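Data block below; observations after.
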Amino acid sequence: MKKPPEEDSASPVSLRDKIVGLSESSGRKSYYPMLQQKIRELQNEIAERHRAEETLRTTLQRIERQQTVIAEISTHPAVFYGRLQEAAPMMTVRMTHALNVDRASLWVMRGDSLCCLDKFEVRNGVHTSGHCLECGSYASYFEAVKKGPVIADEARQDPRTRNFSAKYFDAGNIASMLDVPVLIDGELAAVICFEHAGEPRAWQPDELTFASRIADQVALILAGKRRRITEEQLQTAHSNLTRNLRFTEVLLDALPIPIFYKDSELHYLGCNQIFSDIMGVSSEELLGRSAADFWPDLAELYEKSDRDLLQENRKITYEATIRNKEGVLREVIFAKQIFFDELKNAEGIIGSFVDITERNLAAKETQRLRTLLANIIDSMPSMLIGVDADGRIAQWNQQAALVTGVNEHDAQGRLLGQVVPWLASEMTKVSQSIASKKPFFEGKLSRIEGGETLYEDVTIYPLITNGVEGAVIRIDDVTDKVRIEEVLIQSEKMLSVGGLAAGMAHEINNPLASIMGNAQVLETRLLTPLPQNEEAAREAGITLEALRDYLEKRGIPKMIHSLRSSGAQAAQIVSNMLSFSRKSEPMLVPEDITEILEKTLDLASTDYDLKKNYDFKKIRIVREYEAGLPKIHGSASKLQQVFLNLLRNGAEAMGEKTYPKGDGPSFILRAKRNAPWVRIELEDNGPGLEEPVRKRIFEPFFTTKSVGKGTGLGLSVSYFIITEEHAGIMSVQTAHAGWTRFVIDLPMALASK
Ligand SMILES: Nc1ncnc2c1ncn2[C@@H]1O[C@H](COP(=O)(O)OP(=O)(O)OP(=O)(O)O)[C@@H](O)[C@H]1O
Ligand SMILES: [Mg+2]
């Protein structure tokens, strides 16, 4: 609204005062020039006042325009709703109008750059936007504008604005700039920009005020936007929190593990569904109560661990018991952990437990079965060795340890061939057995240990456990079994062969007796000067002398002698053969076996046959007689015959062996208890027996000696004497090129009363 110009009541001298002053102070003569002077002054003053009034009016008009623009901007819907981007083109147009400038623009900070939201140019009515100024490139300008409005009447010279390129100034013919910062929390957020073209312009205070108010408006919009963002974030955070809380609740209930939580005073805060299901206490019932309220007998342990946890501040697990809703005690593992508030103070405890009752039972059962299995495996008389497909030992029983002398710990993981060298060759069979999934058996594998031949049955069972291939090798020592078998076969063979021989002997006996009898009669009738012979010669017309002469000449007496000695030899064989018939049951009496052995040794040293081939005295005799041996049940003469046979054979065998220097032939004679037997061993260190000899050694007529030297009856007769006549056992052991040992078990004599 235009106001009529008023008298300036504030001026010190009013116009009326000036005219009154003039009439009072002037004299009549000088009145006119003075009046003229006064009139001129008055005219000037009036002109001055007119000008002032004019200026005042334009100023008022400008301010009015500014006010209008501010009102327009602040009530614009885009501004009202804080949509600066949308409001910007409207604002720049109004701004040019308000300050009557060529260009107005609105810039906002984006990172380190100030970017133009909108620039309006009056000259061509064009809006532009998007251009950005990097703070670093216009340091002096940004430094200044951050501190307050940049009022550059002469922008090209102003140190704050002269950095802008000449091209920029020229393009818009820019002379003056007015830039007002928008500061939020002391930070530069935006800039309001006015550019005047043509002649430099002095910016008026009201214009600066206007620009500041626009800046305030922008600040309000931006701050509002920020607040809205914060509020939105808060809103989102809140709804996230609610969602998370609901999720956590459902999650806890979905978990199959019972979970509970307590505050730092050990009062329950809640639990999940499964906890309630197991313990029979709802989350609501738990709230605010303590363990002692529900499980008084167990609470002390629970709360002790809780207190430890709160003190030590780390996750703990421990085994304990719980009482479930049925009142049954169950073994469980507790896991507890502290949860904290935002200041990292312990707020409470979260706990869970897992029922391990079944697991413990299963573990105990597994352990029991394992021990049982180990005991079974260990109590087996067989070596049981588990190997993997590469032959590495996985299982090793006590018998295996006993036989090899390698304990389980040392055997584990090693190659079979390294630990049990004699089984190295079995690995190919292990592989075959695994490949074919068929067990493999090999009986009576022989090996020599300590000079003795041992026999083993080897069985390989392929194994596939959990996809891992391997095998169990079972080794049974069947040495004793093999020996017994051999003995059985032996005795059967001996019985049949012996029966045959005895039968033959019977058949030969009669003609032999006739041959021998007649040979003797021949000798008596031809060579003996008996009266009957002379009588018969006389009757025949010859003399006995002439007959003897003739016979001598023809070598008949020698023939008869040879006939008789050959007959005697045959008779001896036949008598030996007859001993197989068991016809003659000898009288068995209690005898001291060592006495019999000693007598036999005496006999051997004087034995003529033996002396012929070897000097028995050169043989070293070692006696290993157990003290206080019980008597045996036997016939001394028969046993002497056996031992003499053995000593003879031994001496003959040793006679054929060449001993290294310092060594010589020796016999070891052992007698020891082997209830219910007494065991006699006769061992020589001769050449030992080759396997074919060992197998047939007891057979009648089996000999390695040349014809006439041995009959092969010595051992067979001995065998019969022991096994048939004494009900004993006789066997042979040997190491080739080492020794031969005859083992005889004779029954102990029953204690005499
Ligand atoms: N101690 C020994 N060392 C080596 N070989 C032996 C031993 N004892 C027996 N033999 C072997 O056993 C064979 C049979 O022995 P056996 O006593 O039955 O008959 P022999 O000695 O050959 O004849 P005979 O005993 O009738 O004179 C012997 O020929 C010999 O080869
Ligand atoms: Mg012999």
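The values are calculated or read from the model by the stated rules, or taken from the named source; none is laboratory data. The shown structure was predicted, so the numbers you read here are calculated from the model rather than taken from an experiment. Backbone-built Cβ (ideal geometry, glycine too); neighbour counts: all protein chains shown. Heads up: the accessible areas ignore ligands, DNA and RNA and are worked out on the full protein's heavy atoms, side chains in. Shrake-Rupley method; radii C 1.70, N 1.55, O 1.52, S 1.80 Å.
Would it be correct to say that Ile221 is in a helix (DSSP H, G or I) and under 18 Å from Asp118 (Cα atoms)? Answer is yes for this residue. Leu266 satisfies every condition listed in (1) in contact (Cβ under 8 Å) with a residue 60 or more places away in the chain; (2) in a strand (DSSP E or B); (3) of a type outside the set (Lys, Arg); (4) open to solvent by less than 50 Å² (accessible area, probe 1.4 Å) except (2).
Only residues that are more than 12 Å from ligand 2 (Cβ to nearest atom) and more than 18 Å from Lys657 (Cα to Cα): list them for region 701-724, please.
Initial filter on region 701-724 (more than 12 Å from ligand 2 (Cβ to nearest atom)): 706-708, 720-724.
Once the filter is applied, which keeps residues that are more than 12 Å from ligand 2 (Cβ to nearest atom) and more than 18 Å from Lys657 (Cα to Cα), region 701-724 yields Val707, Gly708, Phe720, Ile721, Ile722, Thr723, Glu724.
When region 648-664 is examined, which residues are found to be within 11 Å of ligand 1 (Cβ to nearest atom) and open to solvent by less than 50 Å² (accessible area, probe 1.4 Å)? Steps first, please.
Kept after step one, since they are within 11 Å of ligand 1 (Cβ to nearest atom), are these residues of region 648-664: 648-657.
Of everything in region 648-664, those that are within 11 Å of ligand 1 (Cβ to nearest atom) and open to solvent by less than 50 Å² (accessible area, probe 1.4 Å) turn out to be Asn649, Gly650, Ala651, Ala653, Met654, Gly655.
Kindly indicate whether Lys661 is without any contact (Cβ under 8 Å) to a residue 24 or more places away in the chain, away from ligand 2 (no atom under 13 Å from the Cβ) and over 17 Å from Gly738 (Cβ atoms). For Lys661, the condition - without any contact (Cβ under 8 Å) to a residue 24 or more places away in the chain, away from ligand 2 (no atom under 13 Å from the Cβ) and over 17 Å from Gly738 (Cβ atoms) - is met. Here is a check on your reading of the model: is Asn645 open to solvent by 30 Å² or more (accessible area, probe 1.4 Å) and not in a loop (DSSP other than H, G, I, E, B)? Considered against the rule, which asks whether it is open to solvent by 30 Å² or more (accessible area, probe 1.4 Å) and not in a loop (DSSP other than H, G, I, E, B), Asn645 comes out as no.
Does region 737-753 contain at least one residue that is of a type in the set (Gly, Ala, Ser), open to solvent by 10 Å² or more (accessible area, probe 1.4 Å) and either modelled with pLDDT of 90 or more or near ligand 1 (Cβ under 10 Å from one of its atoms) (or both)? Full working, then the answer.
Applying the first criterion (of a type in the set (Gly, Ala, Ser)) to region 737-753 yields 737-738, 749, 751-752.
Next, from what is left, pick out any that are open to solvent by 10 Å² or more (accessible area, probe 1.4 Å): 737-738, 749, 751-752.
If we keep only those that are either modelled with pLDDT of 90 or more or near ligand 1 (Cβ under 10 Å from one of its atoms) (or both) as well, we get none.
Within region 737-753, none of the residues are of a type in the set (Gly, Ala, Ser), open to solvent by 10 Å² or more (accessible area, probe 1.4 Å) and either modelled with pLDDT of 90 or more or near ligand 1 (Cβ under 10 Å from one of its atoms) (or both).
Screening the candidates Ala335, Ala346 for the property of being over 23 Å from the mean Cα position of the chain (by Cα) and either modelled with pLDDT of 90 or more or open to solvent by 60 Å² or more (accessible area, probe 1.4 Å) (or both) yields one hit, Ala335.
Every residue, every condition in (1) closer than 30 Å to Leu56 by Cβ; (2) assigned by TED's automatic domain parsing to the domain that holds Thr59; (3) open to solvent by 40 Å² or more (accessible area, probe 1.4 Å), yes or no:
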site	(1), (2), (3)
Glu187	no, no, yes
Ala211	yes, no, no
Val218	no, no, no
Ala237	no, no, yes
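Can you go through Ile744, Ile721 and tell me which one is on the phi < 0 side of the Ramachandran plot and part of a helix (DSSP H, G or I)? Only one candidate qualifies: Ile721. Pairs linking a residue in region 684-695 that is more than 15 Å from Leu715 (Cβ to Cβ) to a residue that is more than 6 Å from ligand 1 (Cβ to nearest atom) and aromatic (Phe, Trp, Tyr), with Cβ atoms under 8 Å and 6 or more positions apart or on different chains, are Asn685/Trp739; Gly688/Trp739. It is to be established whether one or more residues within region 103-113 are in contact with a strand residue (DSSP E or B) (Cβ under 8 Å, 6 or more places away or on another chain), open to solvent by less than 70 Å² (accessible area, probe 1.4 Å), without any contact (Cβ under 8 Å) to a residue 60 or more places away in the chain and in the same structural domain as Phe210 (by TED's automatic domain parsing). Yes, some residue in region 103-113 is in contact with a strand residue (DSSP E or B) (Cβ under 8 Å, 6 or more places away or on another chain), open to solvent by less than 70 Å² (accessible area, probe 1.4 Å), without any contact (Cβ under 8 Å) to a residue 60 or more places away in the chain and in the same structural domain as Phe210 (by TED's automatic domain parsing). As a summary of the residue check, Ala727 satisfies the conditions (1) within 11 Å of ligand 1 (Cβ to nearest atom); (2) part of a loop (DSSP other than H, G, I, E, B) except for the one numbered (1). Here region 686-715 is the region considered, the condition is being more than 6 Å from ligand 1 (Cβ to nearest atom) and outside any loop (DSSP other than H, G, I, E, B), and the residue that is surrounded by the fewest Cβ atoms within 10 Å (Cβ to Cβ) is Pro692.
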